[in-house]
Amino acid sequence: MPKSISQEQVYSVLKKCMDPEIPVNIVDLGLIYGVNINESNDVDVEMTMKIGGVGNINVSIVWDPPWNLERIEPSVREKLGFGKPKLRFQVDYEKYQPMQKGRLITQEDGSLILENEKEQRFMVNQAIVDFWNSCVGTKTITQLADHFSSKLGLSRQQVEQEVVQLVQQLLESELLRPQQ
């Protein structure tokens, strides 16, 4: 069986795994040391953890029982809005024009921080800053997805999902103005 997935695809999925303590993904944090894919499309991920004393870690991917919304922790399910008429921030992709709020701080060590008006700080990477900087109230979510799809050379569908997630996170962090 020829390879049908790439390291880039695996890294892209791993970038969706956010560190629980700071809003940065595990790839950008440098916790992923390598990804190898064999001819059978088996994926080996080499990573480290931020806690000591851990021995071997074995992760098994299982398909039975199938995952469903009921497996989400009830408080998290409620926060995400499942079972409610709408999410906390319901936005119209064709009308809402995200506009940045807060400010960017570059630390002495070069790390990037977005700070909201309540002086809450969020460590971010350059890609998030680039997106936040593009939110000037002149482009809809659809237009932003088109722009970044073209700029990054990625599929439109994948970029739209990322843009929507990022808009939701920035709204929740009060780093974008809500839809009016």
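The values are calculated or read from the model by the stated rules, or taken from the named source; none is laboratory data. Model, not experiment: these values are computed from the prediction. Here the Cβ positions follow ideal geometry from the backbone for every residue, glycine too, while neighbour counts run over all protein chains shown. The protein model used for the area step is the full one, side chains on, heavy atoms only, and it has no ligands, DNA or RNA in it. Shrake-Rupley method; radii C 1.70, N 1.55, O 1.52, S 1.80 Å.
With the requirement that a residue be of a type in the set (A, V, I, L, M, F, W, C) and under 20 Å from Gly110 (Cα atoms), what does the range 16-50 give you?
The answer is Ile22, Val24, Ile26, Val27, Leu29, Leu31.
Of all residues in the range 155-164 being free of Cβ contacts under 8 Å to residues at least 24 places away in the same chain and not acidic (Asp, Glu), which is least open to solvent (accessible area, probe 1.4 Å)?
Here the residue is Val159.
If I filter the range 166-180 down to residues being under 13 Å from the mean Cα position of the chain (by Cα) and in contact (Cβ under 8 Å) with a residue 40 or more places away in the chain, which single residue comes out as surrounded by the most Cβ atoms within 10 Å (Cβ to Cβ)?
Leu170
Does the range 33-43 contain any residue that is of a type outside the set (Gly, Ala, Ser), touching a Lys or Arg at 6+ places or on another chain (Cβ under 9 Å), part of a strand (DSSP E or B) and open to solvent by less than 100 Å² (accessible area, probe 1.4 Å)?
Looking for residues that are of a type outside the set (Gly, Ala, Ser), touching a Lys or Arg at 6+ places or on another chain (Cβ under 9 Å), part of a strand (DSSP E or B) and open to solvent by less than 100 Å² (accessible area, probe 1.4 Å), one finds at least one in the range 33-43, hence yes.
From the residues in the range 95-151 that are of a type in the set (Lys, Arg) and either free of Cβ contacts under 8 Å to residues at least 60 places away in the same chain or more than 11 Å from Leu176 (Cα to Cα) (or both), which one is least open to solvent (accessible area, probe 1.4 Å)?
Lys139
Using the structure shown, decide if Asn25 is modelled with pLDDT under 85 and surrounded by 11 or more Cβ atoms within 10 Å (Cβ to Cβ).
Yes.
Scan the strands (runs of 3 or more DSSP E) fully inside the range 69-155 and keep the ones with 3 or more residues being at pLDDT below 90. Reasoning before the result, please.
On the way: elements: 103-106, 112-115, 121-124.
Strands (runs of 3 or more DSSP E) meeting the threshold: 121-124.
Listed residues Val54, Val13; which is more than 23 Å from Pro178 (Cα to Cα), assigned to a loop (DSSP other than H, G, I, E, B) and either at pLDDT 75 or above or open to solvent by 100 Å² or more (accessible area, probe 1.4 Å) (or both)? Outline the logic, then answer.
Working: Val13 fails: assigned to a loop (DSSP other than H, G, I, E, B).
The unique qualifying residue is Val54.
Report whether or not Gln158 is under 21 Å from Leu14 (Cα atoms), part of a helix (DSSP H, G or I) and not aromatic (Phe, Trp, Tyr). Show your work before the answer.
Numbers: under 21 Å from Leu14 (Cα atoms): yes; part of a helix (DSSP H, G or I): yes; not aromatic (Phe, Trp, Tyr): yes.
It is true that Gln158 is under 21 Å from Leu14 (Cα atoms), part of a helix (DSSP H, G or I) and not aromatic (Phe, Trp, Tyr).
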